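Inspection log for the structure reproduced underneath, given as structure tokens.
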Amino acid sequence: QLPRIYVTRKIPQDGMKILSQSGLCNIEQWDSDEPVPRQELLKKIAGIQGLYCLLTEKIDAEVLDAAGPSLQVVSTMSVGYDHVSLEELKKRGIRLGYTPDVLTEAVAELTVALLLATSRRLLEAVDEAKNGGWGTWKPLWMCGYGLTDSTVGILGLGRIGAAVAARLKPFGVKRFLYADTGPRPEVAVKITAEFVPLDELARHSDFIVVCCALTPETQGFCGNKLFSLMKETAIFINTSRGGVVNQEDLYQALVNGQIAAAGLDVTEPEPLPTDHPLFKLKNCVILPHIASATVTTRNSMAALAASNLLAGLQGKAMGKEVLL
Ligand code: GLV
Ligand code: GLV
């Protein structure tokens, strides 16, 4: 009797191929681009051994209870695992796979794109060009802030933060600062980044880029205190999780001119309702959580999540596992 697995979405083909050609499991799947309804998920996972999920599924006690004691492995096709209750997994002895590394470059690239789009006001400018706002060439019009000679502050100098810095360096950034739970000398030395207290980072940075995980410690920590310390010309970029930002405070900071602009690939909630006040601001660029969205990267993530799941089912070491 092969172990049963449940896949919560239509996934990139590299992942599906690994699962279906392995001959190691019976696959059930929510074969749609839309998320599986919660009730459907709870019903379908009863008695499964492996769960292949995405960041859109909250994996909590209710889900784990619905699966029952047969469940051995959860494999999420994401680097973030704030949607998974580690405590509940640990209690039940369930292992967790995730997909770091394979998306670092794609996320770093999109972070740079979002930073440039926000600082050089690309979306505003495109609108002006299309809608008749482009009367003539004007010396003072559509001026933004460039990276040359700037100071960039990175909140969370992990794999992605370091990859962002490496990509920004050729733009002529003068100084990299970073704040984290502690110094990370091995990473910092490669990009010559200085470990500084958060308030110092806020005061000196022209660009702040958030690259940390969402944890109880980082929940809402980008709020009024941070924004009020930032330069009025500074730009705030977040490609990590919406939950690290107090969005009400960010809105106020943007409206009151405490900071110049913000670029967000992540919000809370997702999707952000289309009538949300942040969407009305010209100095806020919002993307629909697409940082890892290259064809190659999504295939790599799907494949890694698939092989993690299979390894877990066989009681072997996973390629990438969250140690609980
Ligand atoms: C995307 O946000 C991920 O966690 O992979
Ligand atoms: C800009 O196009 C310039 O010629 O300065």
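All of the numbers you see were taken from the coordinates with simple rules; none came from a lab. Everything numeric here is computed off the predicted structure, so don't read it as measured data. Glycine gets a Cβ as well: all are built from the backbone with ideal geometry, and neighbour counts include every protein chain shown.
Points worth noting:
- Per residue, the average separation of C-alpha pairs within less than 8 Å and at least 6 apart gives segment 26-70 a relative contact order of 45 percent.
- Cα-based equivalent ellipsoid of the chain: semi-axis lengths in Å, sorted from largest, via gyration tensor: 39, 21, 18
- Here's how it looks for Val84: its modeled amide H is under 5 Å from those of Ile59, which are all 5 or more places away or on a different chain.
- Average Cα contact separation per residue, the chain, under 8 Å, 6 or more apart, as relative contact order %: 21
- Stokes-Einstein diffusion coefficient of segment 67-210, Kirkwood radius over Cα pairs, 10 °C, 1.306 mPa s, in µm²/s: 88
- Two tests apply to each whole DSSP H helix in the chain, Cα reach of 15 Å or more along its axis and mean Kyte-Doolittle hydropathy of at least 0.5, and the ones passing both are 104-119, 295-313.
- D by Stokes-Einstein for segment 1-137, Kirkwood Rh over Cα pairs, 20 °C, 1.002 mPa s: 122 µm²/s.
- For segment 28-34, backbone phi angles converted through the Karplus equation (6.51, -1.76, 1.60; θ = phi - 60°) give residue-by-residue couplings of 10, 8, 8, 8, 8, 7, 8 Hz, Gly and Pro being listed as x.
- DSSP assigns beta bridges within the chain; of those with both partners inside it, close to 5 percent run antiparallel.
- Cut-off 12 Å between beta-carbons: net charge of the residues surrounding Ser32, Lys and Arg +1, Asp and Glu -1: -2
- Unsatisfied cross-links (Cα-Cα over 32 Å) in the set Lys225/Lys282; Lys138/Lys225; Lys17/Lys43; Lys58/Lys174: Lys138/Lys225; Lys58/Lys174
- Given 13 as the ceiling on other Cβ atoms within 10 Å, longest exposed-site-free region of the chain for GluC sites (Glu not before Pro) in DSSP loops: 1-216
- Quotient of Cα Rg and 2.2 N^0.38 Å for segment 178-268, N being how many residues it contains: 1.05
- Sorted ascending by nearby beta carbons within 10 Å, beginning with the fewest, Phe176, Phe236 become Phe176, Phe236.
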